[in-house]
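Structure, as structure tokens:
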Amino acid sequence: MSLTDDRLDTAARLVDVSDRPAATPQPWDPIKIPRARIESEIDRLAAAPRPANGRRASRIVHPAATAPGLGLAPGVSVTIEVLKPGEETAPLRENAHRVEIGIRGSGRITVQGDEIALAHLDVANIPSMQGFRFRNDGDDVWARLSYSNAPLLEKLGVHYAEDLPESWEPKPRTSDAPATYTRGTAPDIAIGDEGARLRGYEFLVDIEVVESRALHWPWAEVGQHLSREPGDGRRTIMALYNPATQRRQGATHSFFVTASFMPPGAPPRRRGRGHRHSSVAINYHFAGRGESVVDGRTIEWEAGDLLLSAPGWLEHAHYQGPEGLGVYTVQDHPLHIGMESLVWQEQLDGPVLALGSEEGQTGFVGPREAGT
Ligand SMILES: [Fe+2]
């Protein structure tokens, strides 16, 4: 919609919000996409004619989602992406970023100057605005779950993407030369004595660069650091950390990814209340079986299922069965840390904490039994 000049001054509405009640979160319902549904969609995509850009893809859309910004959770999409043997995608770059989890076959991801051989259950991130393409150099159909913050950018009206020419070749990284910044000479004036400052415009637009690279977490290596035998003292949940996200603790600037593993025979988790947080959690189960209790509803899951297991601010707890569990959890936790909006309540009768801007939840120093 565009406004004629004579309406520019009057088109905005003025909504009286005086005395409006305090806001309350409006979570979507939890939802499960069973393994069989994911597998049949992989097969359907593989059987279809090759699209012109090579991207066989199906975005999973929650029934509560509204365009623009269709996703599995508000602001988060999970797309099933498929390549047949020998195929590759047209190169692309975009201001959304991604987490890739290999769920069938294997293939290669080329991102700027990095090449990642993604095996089954490996995880990789693709940073924003770096050219990338996927190539299936294996013998089987390659399928990934691709998590993206594109729905949030679509909601904001600023999802920017460029098809790169077929001749695109990744550039080798040349980051040895120290960066020079004009921001270094920006005016810097104290205002008062509490920390407020005035800075020049170059301070806004010549921002210190933190190198953001595509990183690879092979399951063959990650899995060695997780519990393999009940009582072996190894951690049952670990974060796949990308140092570029600094204190936002992510695999990308929007998403953390954790790998959880509880071996068969691990003691069952004690039943009780769950916890809740403003970040949403999406679980991809790759081993074991169990159930989650989300807002009083029980959802059974098994290996191969994808769940919106913790819509923002809904109480949830996860319980593995005798077969144990293996699960990747993706949460938009770093996004919320950046916005100072990550509120967290570990005990439903305990405090609501703003993680990252006040003292955090303490006490997790060993193998964790609680759900994520
Ligand atoms: Fe959680």
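The values are calculated or read from the model by the stated rules, or taken from the named source; none is laboratory data. For clarity, every value in this text was computed on a predicted model and none was experimentally measured. Glycine also receives a Cβ, built like all others from the backbone with ideal geometry; neighbour counts cover every protein chain displayed. To get the accessible areas, we keep the full protein, side chains included, count just its heavy atoms, and leave off ligands, DNA and RNA. Shrake-Rupley method; radii C 1.70, N 1.55, O 1.52, S 1.80 Å.
How far apart, in nm, are two points set 7 Å out from the Cα along the Cα-to-Cβ line at Asp163 and at Asn53?
Going by the 7 Å Cα→Cβ label model, 0.7 nm.
In the chain, once you exclude exposed GluC sites (Glu not before Pro) (DSSP loop, at most 12 other Cβ within 10 angstrom), what's the longest stretch remaining?
That gives 1-165 as the longest site-free run.
Full-extension gain between Val15 and Asn95, please, as 0.36 nm times their residue separation minus the C-alpha to C-alpha distance.
25.5 nm
Where only protein heavy atoms count, and the probe is 1.4 Å, what is the accessible area per residue for the stretch 1-148 in Å²?
Result: 50 Å² of accessible area for each residue.
Could you grab the relative contact order for the chain? Cα pairs under 8 Å, six or more apart, rounded to a whole percent.
Normalised by residue count, the contact order of the chain is 15 percent.
Restricting to DSSP loop positions (anything but H, G, I, E, B) with no more than 15 other Cβ atoms inside 10 Å of their own Cβ, which chymotrypsin sites (Phe, Trp or Tyr not before Pro) remain in the stretch 100-167?
Tyr160
How much of the accessible area of the stretch 128-281, in percent, comes from carbon and sulfur atoms when a 1.4 Å probe is used?
54
I need the Kirkwood Rh of the chain: take the reciprocal of the average 1/r across all distinct C-alpha pairs and report it in angstrom.
Every distinct Cα pair counted, the radius reaches 22.7 Å.
What are the equivalent ellipsoid semi-axes of the stretch 262-348, built from the alpha-carbon gyration tensor (square roots of five times its eigenvalues), in whole angstrom, biggest first?
After diagonalising the Cα gyration tensor, the semi-axes are 23, 15, 11 Å.
Would you mind telling me which residue in Val330, Val352, Val205 has the biggest mean-square fluctuation in a Gaussian network model of the chain, where springs connect alpha carbons within a distance under 10 angstrom?
Val205
Counting only protein heavy atoms and a 1.4 Å probe, tell me what percentage of the stretch 1-82's accessible area is made up of carbon and sulfur.
Within the stretch 1-82, the accessible surface is 53 percent carbon and sulfur.
If I model a spin label at Ala196 and Arg108 as a point 7 Å from the Cα along the Cα→Cβ vector, what separation in nanometres do I get?
With each label placed 7 Å out from Cα toward Cβ, I get 5.6 nm.
Give me the dipole magnitude in Debye, nearest 20, for the chain about the Cα centre, with unit charges on the beta carbon: positive for Lys and Arg, negative for Asp and Glu.
Roughly 780 debye, rounded to the nearest 20.
Would you kindly find the accessible area of Thr89, with a 1.4 Å probe and non-protein molecules such as ligands, DNA and RNA excluded, rounding to the nearest 10 Å²?
10
Given the options Ile60, Ile191, Ile207, which has the most mean-square fluctuation in a GNM of the chain, springs set between C-alpha atoms less than 10 angstrom apart?
Maximum fluctuation in the GNM of the chain, among the listed residues, is at Ile191.
To the nearest 10 square angstrom, how much accessible area does Lys32 have with a 1.4 angstrom probe?
Approximately 80 Å² of Lys32 is accessible to the 1.4 Å probe.
How large are Rg and Dmax for the stretch 305-345 when calculated on the C-alpha trace, in angstrom?
Values for the stretch 305-345 (Cα only, Rg and Dmax): 12.9, 40 Å.
Using a 1.4 Å probe and ignoring any ligands, DNA or RNA, find the accessible area of Thr185 and quote it in Å² to the nearest 10.
Rounded to the nearest 10, that gives 110 Å².
I'd like to check one number: the per residue accessible area of the stretch 177-233, probe 1.4 Å, reported in Å² as a whole number.
Ligands and nucleic acids excluded, the result is 74 Å² per residue.
In square angstrom, what is the accessible area per residue of the stretch 275-347 with a 1.4 angstrom probe?
On a per-residue basis, the stretch 275-347 sits at 29 Å².
Suppose only helical runs count, i.e. DSSP H with n ≥ 4. What mean residue ellipticity at 222 nm does that imply for the chain under -39500 (n - 2.57) per run, divided by all residues and rounded to the nearest 500 deg cm²/dmol?
Helix contribution divided over all residues of the chain: -2500 deg cm²/dmol.
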